[in-house]
Structures are given as structure tokens and as C-alpha cells.
Amino acid sequence: MKIRDWYFQGWERRADEQGKKQFYYTGEYYRFRDGIRPVRLHLTAAAVVLTALYLLLTLCPTEGGMWRIAAIPQLLELIPLIYLMMAVVRLLANPEKMNYRQYHASWLRGRRSLWWSGGFCAVCAAVELVFLLSGQGVIHLISELLWLAGWIIAALLSFFCARYLTRQRPDTFTE
């Protein structure tokens, strides 16, 4: 079995009428049942809110956020956010009928990014909770609790949006 890259899946190279070799798409097409507009709206809104929350939480850190162990998931959270933004930009440019490359670079990438983002946000919340329960001399309890709530909200938003996208799975058809 030949393993093919997602970028070339469904494309084949053949000669046209003049004998010149060109790529033609022969794979399946993907279309959302309710149209692409609601998926665009929800994915864009999730990306904007998650990015704003991430920037707010990382630019206004608390004592728990300054822990070395808290810095690792915060930094890793940036990777799914970048991929989520790439998926949103690609989804906004997609037509109603998507080939596999467009489907993979937008919907699949966005869904996977949201799952990973939710995981990293949950780890950030868990690290903050461990910091609070360890009694490390918390000076500003309210700001620590707000920071914890921000990561919990970001994790829940990521998981709910990923779940929504999973339910909005596009139908496949061929031409």
C-alpha cells in the first residue's frame, strides 16, 4: 500500500488534450450539511476568544503563573493557537465544496488544534490549582482564583468547540 501525504491525497497527474501533464483532483469532496457559514462563525469566534484569553492570561501572570512548571504548558499552548489561526484563515477562504486538501487544512486542523488547546489549558489550570493547594504563600488570592478561572474557561471553551466541530462533520460526495 502506498502511503500518500494529505497535501496530495485525491490528486493525480495526467496529460491533458495537448499532452501536457497537469494535476487533476479525482478524490472526494466535502460539504457541511448546514452550509459552511455556521462552522466559519463558530471556529472564528472560538479562535478570537481563545487568543484573547491566552494573551490576557500570559501577559498578566500571577505567582502561580510564574512557576517554572506553569510556563511549559503556557508556552506549548501557543502552538495549537497558531494552528487554529491557520485553520480559521483557510476555512474563511474555502468554498462550500472542499477538496481533501482544503478539508484537512481547515476543518480537521481546527478540530485537532482545539482538542490540543483544551488539553494544554487544562494542564495550566491543574498547575495553578496545585500551586494554590500547596500553600506557597499566596499574596493575592483573588487574582490567583481569577487566573485559575481563566484557564478553566479556556479549556472548557476549547473542548466544547472541538466537540461542536466533531458533530458538524462534513458529508462526502464524488463528482
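Output the residue which, of all residues in region 82-98 that are of a type in the set (A, V, I, L, M) and touching a Ser or Thr at 6+ places or on another chain (Cβ under 6 Å), is farthest from residue 110 (Cα to Cα). Only one residue tops the list, namely 91. Going by the structure shown, is residue 65 crowded, with 20+ Cβ neighbours inside 10 Å and either of a type outside the set (S, T, N, Q) or modelled with pLDDT of 90 or more (or both)? Answer is yes for this residue.
Filtering 77, 96 for residues that are among the acidic types (Asp, Glu) and assigned to a helix (DSSP H, G or I) leaves a single hit, 77. The residue list 158, 113 contains one member that is crowded, with 19+ Cβ neighbours inside 10 Å, assigned to a helix (DSSP H, G or I), among the hydroxyl-bearing types (Ser, Thr, Tyr) and in contact with a Gly (Cβ under 6 Å, 6 or more places away or on another chain), which is 158. Screening 132, 108 for residues that are touching a residue at least 24 places away in the same chain (Cβ under 8 Å), in a helix (DSSP H, G or I) and not basic (Lys, Arg) leaves exactly one candidate, 132.
Is there a residue in region 140-147 that is closer than 30 Å to residue 26 by Cβ, surrounded by fewer than 19 Cβ atoms within 10 Å (Cβ to Cβ) and in contact (Cβ under 8 Å) with a residue 60 or more places away in the chain? Give the steps one after another, and end with the answer.
To start, the set of residues in region 140-147 that are closer than 30 Å to residue 26 by Cβ comprises none.
The answer is no; no qualifying residue exists.
How about region 44-64: which of its residues are in a helix (DSSP H, G or I) and more than 20 Å from the chain's Cα centre (by Cα)? Within region 44-64, 59, 64 meet the criteria. Within region 1-43, being assigned to a loop (DSSP other than H, G, I, E, B), surrounded by 10 or more Cβ atoms within 10 Å (Cβ to Cβ), modelled with pLDDT under 85 and on the phi < 0 side of the Ramachandran plot holds for 4, 6, 7, 8, 9, 26, 27.
Per-residue answers, yes or no, for (1) at pLDDT 95 or above; (2) among the charged types (D, E, K, R); (3) surrounded by fewer than 16 Cβ atoms within 10 Å (Cβ to Cβ):
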{"site": "74", "(1), (2), (3)": "no, no, no"}
{"site": "87", "(1), (2), (3)": "no, no, no"}
{"site": "97", "(1), (2), (3)": "no, yes, yes"}
{"site": "101", "(1), (2), (3)": "no, yes, no"}
{"site": "104", "(1), (2), (3)": "no, no, no"}
{"site": "120", "(1), (2), (3)": "yes, no, no"}
{"site": "128", "(1), (2), (3)": "no, yes, no"}
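Set side by side, the residues 50, 76, 55 differ, and just one is without any contact (Cβ under 8 Å) to a residue 24 or more places away in the chain and out of contact with any Gly (no Cβ under 8 Å at 6 or more places or on another chain), which is 55.
The values are calculated or read from the model by the stated rules, or taken from the named source; none is laboratory data. These numbers were taken from a predicted model, which means no experiment stands behind them. Ideal geometry is used to build each Cβ from the backbone, glycine not excepted, and the neighbour counts take in all protein chains shown.
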